[in-house]
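Chemist: One structure is given below, represented as structure tokens, and several questions about it will come after.
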Amino acid sequence: MKIIVDAFGGDNAPVEILKGCSAAALDHDDLELVVTGPEDKIKKAAEENEIDISKLTIAHCDDILTMEDHATDVVKKKKNSSMAVGLKMLADGEADAFLSAGNSGALITGATLIVKRIKGIKRPAFSPIIPKAEGMFMLIDGGANAECKADMLQQFAIMGSVYLDKVMGVKNPRVGLANVGTEDHKGDPLRLETFALLKETPVNFIGNVEGRDIPLDGCDVLVTDGFTGNLILKTYEGVAIALMDKIKKVFKKSAKNKLAAAMVLSDMKELKKSVDSDVYGGAPILGAAKPVFKVHGNASAVTVQNAITLTMDYVRTGVIEEIEKTVAQTVLKG
């Protein structure tokens, strides 16, 4: 399997990206990794940080797409950037998948305009995996499409359901619609129309899910528009950080509390791990015609390594073909 990785995407590029790629290459004998970016800078970073890149292939390009660049620059001003070159290689059939920790808007734009969409899919969606009380759930859309129509949300439900089943091993995942209440009649026109469509869609639709139930195992796939989804995602992350900070302060409050902290240290480490984004590494851009994976912007080497492993599962399990088939069947039913 051949996977392309943007060596200059994210806050910690290229060092952490190269470390993660090097580790992944050692883990998987059947994996060929290509990193995109200025070759001299890649080799210099590897040498200065003692990173073994002997198993990596470098696809040289002169430019880098930054977080400050406009989303459309990936197809306009910076066609020779490490992200654009990697996406073009994927589109041309030179690899099986592409990963980047870089500019999210640009990656969505590139996935849509360079790699193209799965036949029948109206818009690709950002699909982060998020921890809940027990296990995890997928949020779709997490921010790619601020304005949506009901049929787009219907397709998000199909894509999320197929991915969780095929890649994450969640059989017959429960699909919920993010809403202001659980009753069937709740919500604005978008939610009401989407609810009606999802009842007729070949997924395990369980109805509306309100905010407080999201982290309490409300569903396995949470469907919403990108504007609402991004608010949920960022609020979720902020609350998790705030709670962990408060717990730390409680344990540091007195000598007695510090002793208690020492007694539950291993459990606290497990708790921190359960809400750590490094576990999954990032999120697929579902709806792209070939596997495109968005790695967390502050990715560490472990994040990149885990993201590559998850992407390999994405490629192997035929998710894209299954999504295309299900969408076609749904359209025919409609």
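Here, each number is a calculation from the coordinates, and none is a lab measurement. A quick note: this is a predicted structure, and the numbers were derived from the prediction, not measured. Counting neighbours? That spans all protein chains shown, and the Cβs are built from the backbone with ideal geometry, glycine included.
Chemist: Phe227 to Asp27: extension gain in nm, 0.36 nm per residue of separation minus the Cα-Cα distance?
Modeler: Numbers: separation 200, 0.36 × 200 = 72.00 nm, distance 3.78 nm.
The Phe227-Asp27 span can extend by a further 68.2 nm.
Chemist: Where both partners of a DSSP beta bridge lie in the range 127-276, what percent of those bridges are antiparallel, to the nearest 5? Intermediate results must be reported in sequence, preceding the final value.
Modeler: Working: 3 of 14 bridges.
Of all bridge pairs located within the range 127-276, approximately 20 percent are antiparallel.
Chemist: How many nm is it between the label spots at Asp245 and Glu47, if each spot is 7 Å from the Cα in line with the beta carbon?
Modeler: Here the answer is 4.2 nm between the modelled labels.
Chemist: Calculated from the structure, P(r) over Cα pairs in 20 Å bins from 0, in percent equals which of [x] 32, 62, 6; [y] 31, 54, 14, 0; [z] 31, 59, 9, 0?
Modeler: [y]
Chemist: Mind listing which GluC sites (Glu not before Pro) in the range 48-140 are in a DSSP loop and have 16 or fewer other Cβ atoms within 10 Å? Walk me through the numbers on the way to the answer.
Modeler: Working: sites: Glu48, Glu50, Glu68, Glu94, Glu134; in loops: Glu50, Glu68, Glu94, Glu134.
Here the GluC sites (Glu not before Pro) that fit, given the DSSP loop and packing criteria, are Glu50, Glu68, Glu94, Glu134.
Chemist: Counting only complete DSSP H runs, which helices of the chain cover 15 Å or more along their long axis at the Cα atoms and score a mean Kyte-Doolittle of -1.0 or above? Don't jump to the answer; show the numbers that get you there.
Modeler: Values: long enough: 15-27 (18 Å, 0.93); 150-166 (24 Å, 0.36); 189-199 (16 Å, 0.51); 226-251 (38 Å, 0.55); 301-316 (23 Å, 0.50); 319-333 (21 Å, 0.27).
Qualifying helices, which must be both long enough and hydrophobic enough, are 15-27, 150-166, 189-199, 226-251, 301-316, 319-333.
Chemist: So how compact is the range 106-166: Cα radius of gyration and Dmax in angstrom?
Modeler: Calculated on Cα positions, Rg and Dmax stand at 12.2, 38 Å.
Chemist: On alpha-carbon atoms, Rg over Rh for the range 1-139 using Kirkwood Rh?
Modeler: Values: Rg = 15.5 Å, Rh = 15.7 Å.
Ratio of gyration radius to Kirkwood radius for the range 1-139: 0.99.
Chemist: Further question on the same structure: Grab the beta carbon distance between Lys77 and Lys272, set R0 = 41 Å, and tell me the FRET efficiency rounded to 0.05.
Modeler: Approximately 0.50, to the nearest 0.05.
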